[in-house]
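Trainee: One structure follows; several queries about it will come next.
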Amino acid sequence: MFHSRSTSFLKPGFCGLKIGLLSLMLVFLAACGSSGSDNTAPADDTPPTQDGGEDTGADDADTSGQGDDAGSTDTAGSDGDGSTTGTATGSDSGTDDTGNGSTDSGSSDPVSSEITADRVLDPLPNPPLTAAPGADSEPVRALGPVSNVTEFFVVRNPTRDLEDDYGILTDEDFAAGPLPAVYHIPEHVDTSTNSLPYFDNLTDVEVFAGEELTVIFKPLDDDGGIPGLFPNAIPAGARYVDNFNGTRSLIWRPLQPQVGIQEFTITATDPVEPYYRTERTIRIKVKMPSDPSGIVNIAPVVNEIWPRTVRVNDFVTLYIKVSDANGTIPSLEIANPPAGATIVPHYSEEAISILRFVPQTAEAIDLELTARDAEDTSLSTSRTVTLEVLEDSDFIRPGSRLRELAASRDLLIGYAALQGFYEQPDGALYADIAAEEFNFVTTENSLKWDLVNPLPGKYRWAQADNLVQHAKTRRQAVHGHTLVWHRQLPGWIKRSALDEREGHMREFIDRVITRYGDDIPIWDVVNEALEEDGSFRQSTWYEAMGADFIDIAFRQARLSAPEAVLLYNEYDVSFAGPKSDGLIALMTALTDAGTPVDGVGFQMHLDADFDRYEEVAATFGKIAALDLDIYITELDVSIRSGMSEEQQAEVYEEVLSLCLDQPRCKAYQAWGFTDMYSWRREFNPLLLDRRYQPKPAYFAIQERLGQN
Ligand code: G3I
């Protein structure tokens, strides 16, 4: 009767058994460590977070800092992980997700925790597993007011028609009846004395669009006690409420765009053993009523647009998106367009209009925007968008530019560039300041797999092409991020056959690297292969190749880019702890195996109260002793409650000193540079504020770079 059985929980007595190249760290720690997330009991309704840190529960998009609802529009694919990016209380947490969205990630299989030495790669698959990038994947010239950055020719992706329609359910799927439950049974649970939680009377349902649906979830446990409950994802517009009697309800009024078969997954957790679980997926068939005129018409909206600071005489390009829950496209009215403004439709998104103008004087502009219903013109909603226009002189930063100071030390000083920065209202200012201050730039998102290769044989290069072109113009070295990661993978890769993943991985590495050639001389080849406890992460790649995926990825990267610097990039490894130990063990194993790795990228997402500098110096020393370079790749310093900008400045300065004091440290790079755009925007973790004004941290590193 059991549909699946989890095997990822540690057996008692496991600690003495592990042997293998990385056993001392990677495996032993996995088995014996006490800080792994699997040991963290989830609160009722709360899925466990990977690091036990606070989880805002916010959708990735809300915390990514990638602009507002219509900002960077020329994208394809999506973050298919379905995981959340929370905010960790830990000091250097790059990501908080659980890998592939599973609730039961666990320790590595010890047998495959070895890295094969001196591997010789087979030729790339021939014929290729997927079509090589063709003419239909080439970016096209951007016509019209797409960009406000004028010094290079901006391209855009050919189309946005790369939706992954895998998994769209049909009436036949619904008719086949409810899906079986999925059970998660930790090995240590005695099922003869502890019975599984289950759901009372839960089944598939049907509803007409416009009608309100209530589904009650009543978890039961025959041993007594009330099981916990947590939903996987809540449909847009739905509410998931606590009835304060052990049950929860999903209350949802689906509308026209939801017509079809929808799924909702919910998990009941045992009152005693929270990882002892029953997961149910119900299907909701949303039907169109014979008379749709009865469906309530909700007023349309202008999507959120963050306030921006812009500069006199720059082109300001504002992407304005309107939307209506019923799927129709509202009209947009701009009550007070700035003098000389043009408004044109977006080249492929009907719901987006592009407003473009050149502000002539310093002032505050409050744009009054209204979305009006396509069917009932009496229905509308308005939004005010504020743009602060400042003089060029308002952005002058005293002293020398950071890149001038760094160049005399042969140091790369960098930032991660916002994907599609040139489409933002403040894009020209962003581009200018970044180029003035930094000689090094990383592709924050624009080379991630789900964006670049959302479907087999289909490539979307425009964001990366534009960034590379911009960097060349501004004499910045480009750092490619990231070739092999467990996140931001397209669905087709996660669904691919295990025995073909190596081929897909190698093809992707080769195609991306060869497209950019010498224009990208430094690559993050593998990102975040380790868990918090120093064990290997159970990932799309690990499950197919074991730890060897790391070696294979580096060898392919070396074949494709013989001259490039190849990095392993990781978070939570700069200071002491099991994960740092795991890193040293991994890098030792790789160098012993002859893997062509040149250095380690230390992410360093820190908090402003960080003070473990001696530990960082020691870790840097261990990496240097392995004859590897050190790149600080993703530094940011969050100001959390009770912390100050001065503390933040000190952390930036101390980390810079550690880098300057370590001859193998080649780069000091922040994960962005203005608090306007940061994945941790709410904690203002960067060098300039949201108005592009330098903060104490900027002056601290400027001063430190100027010292001997
Ligand atoms: O591409 C989609 C787009 O199609 C969609 O319209 C838009 C709005 O929902 O979302 C876009 O994807 C977002 C992407 O940023 C680009 O904006 C994702 O939802 C969002 O999850 C993603 O967040 C990024 C995150 O990695 C994802 O894991 C952050 O911006 C980025 O700063 C962060 O960077 C990582 C490094 O790569 C690795 N180290 C940790 C670091 C921080 O998490």
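The values are calculated or read from the model by the stated rules, or taken from the named source; none is laboratory data. These numbers come from a predicted model, not from an experiment. For neighbour counting, all protein chains shown are included, and Cβ atoms are generated from backbone atoms with ideal geometry for every residue, glycine included.
Trainee: Assess whether VAL597 counts as being modelled with pLDDT of 95 or more, assigned to a loop (DSSP other than H, G, I, E, B) and crowded, with 21+ Cβ neighbours inside 10 Å.
Mentor: yes
Quick grid of which residues meet (1) surrounded by fewer than 23 Cβ atoms within 10 Å (Cβ to Cβ); (2) in contact with a Leu (Cβ under 8 Å, 6 or more places away or on another chain):
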| residue | (1), (2) |
| --- | --- |
| TYR422 | no, no |
| GLU436 | yes, no |
| PRO454 | yes, yes |
| ALA464 | no, yes |
| THR473 | yes, no |
| ALA477 | yes, yes |
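Trainee: If I ask for residues that are surrounded by fewer than 20 Cβ atoms within 10 Å (Cβ to Cβ) and over 10 Å from ILE216 (Cα atoms), which ones from segment 243-252 would you list?
Mentor: If the condition is that a residue be surrounded by fewer than 20 Cβ atoms within 10 Å (Cβ to Cβ) and over 10 Å from ILE216 (Cα atoms), then PHE244, ASN245, GLY246 are the ones that fit.
Trainee: Does segment 383-398 contain any residue that is assigned to a loop (DSSP other than H, G, I, E, B), out of contact with any Leu (no Cβ under 7 Å at 6 or more places or on another chain) and of a type in the set (Gly, Ala, Ser)?
Mentor: No, segment 383-398 contains no residue that is assigned to a loop (DSSP other than H, G, I, E, B), out of contact with any Leu (no Cβ under 7 Å at 6 or more places or on another chain) and of a type in the set (Gly, Ala, Ser).
Trainee: So ARG487 clears everything in (1) assigned to a loop (DSSP other than H, G, I, E, B); (2) over 17 Å from TYR568 (Cα atoms) except one condition, right? Which one?
Mentor: Unmet condition: (2).
Trainee: Among the numbered conditions (1) within 32 Å of the chain's Cα centre (by Cα); (2) surrounded by 13 or more Cβ atoms within 10 Å (Cβ to Cβ), tell me where ASP410 comes up short.
Mentor: Of (1) within 32 Å of the chain's Cα centre (by Cα); (2) surrounded by 13 or more Cβ atoms within 10 Å (Cβ to Cβ), only one is false for ASP410: (2).
Trainee: Are any residues in segment 434-470 in contact (Cβ under 8 Å) with a residue 60 or more places away in the chain and in a helix (DSSP H, G or I), and if so, which ones?
Mentor: Those that are in contact (Cβ under 8 Å) with a residue 60 or more places away in the chain and in a helix (DSSP H, G or I): ALA434, GLU437, ASP450, LEU451, VAL452, ALA462, GLN463, ASP465, ASN466, GLN469, HIS470.
Trainee: Just to be sure before I move on: is LEU567 surrounded by 24 or more Cβ atoms within 10 Å (Cβ to Cβ), over 13 Å from LEU530 (Cα atoms), within 16 Å of the ligand (Cβ to nearest atom) and under 25 Å from the mean Cα position of the chain (by Cα) in the structure I sent?
Mentor: Here the answer is yes, as LEU567 does meet what is asked.
Trainee: Further question: For segment 262-353, list the strands (runs of 3 or more DSSP E) that sit wholly inside it and hold at least 3 residues that are on the phi < 0 side of the Ramachandran plot and not β-branched (Val, Ile, Thr); which are they?
Mentor: Fully inside segment 262-353 and qualifying: 277-287, 316-323, 331-334.
Trainee: Would you mind telling me which numbered condition in (1) among the hydrophobic types (A, V, I, L, M, F, W, C); (2) buried (at least 24 other Cβ atoms within 10 Å of the Cβ); (3) in contact with a Gly (Cβ under 7 Å, 6 or more places away or on another chain) VAL358 fails?
Mentor: (2)
The rows are residues; the columns are (1) surrounded by 17 or more Cβ atoms within 10 Å (Cβ to Cβ); (2) in contact (Cβ under 8 Å) with a residue 60 or more places away in the chain; (3) over 14 Å from LEU402 (Cα atoms); (4) more than 16 Å from the ligand (Cβ to nearest atom).
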{"site": "ASP636", "(1), (2), (3), (4)": "yes, no, yes, no"}
{"site": "SER641", "(1), (2), (3), (4)": "no, no, yes, yes"}
{"site": "ALA649", "(1), (2), (3), (4)": "yes, no, yes, yes"}
{"site": "GLU653", "(1), (2), (3), (4)": "yes, no, no, yes"}
{"site": "LEU656", "(1), (2), (3), (4)": "yes, no, no, yes"}
{"site": "TRP671", "(1), (2), (3), (4)": "yes, yes, yes, no"}
{"site": "ALA700", "(1), (2), (3), (4)": "yes, no, no, yes"}
{"site": "LEU705", "(1), (2), (3), (4)": "yes, yes, no, yes"}
{"site": "ASN708", "(1), (2), (3), (4)": "no, no, yes, yes"}
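Trainee: In the list ILE266, ILE305, ILE295, ILE261, which residue meets the criterion of being modelled with pLDDT of 95 or more, of a type outside the set (Asp, Glu) and closer than 30 Å to GLU187 by Cα?
Mentor: Just a single option satisfies the conditions, and that option is ILE266.
Trainee: Another question, then. Given the options GLU436, GLU532, GLU444, name the one that is over 26 Å from LYS579 (Cα atoms) and among the acidic types (Asp, Glu).
Mentor: Matching residue, one of GLU436, GLU532, GLU444: GLU436.
Trainee: Moving on to the next point. Could you look through segment 186-204, keep only residues that are in contact (Cβ under 8 Å) with a residue 40 or more places away in the chain and surrounded by fewer than 16 Cβ atoms within 10 Å (Cβ to Cβ), and pick out the one that is farthest from GLY224 (Cα to Cα)?
Mentor: THR203
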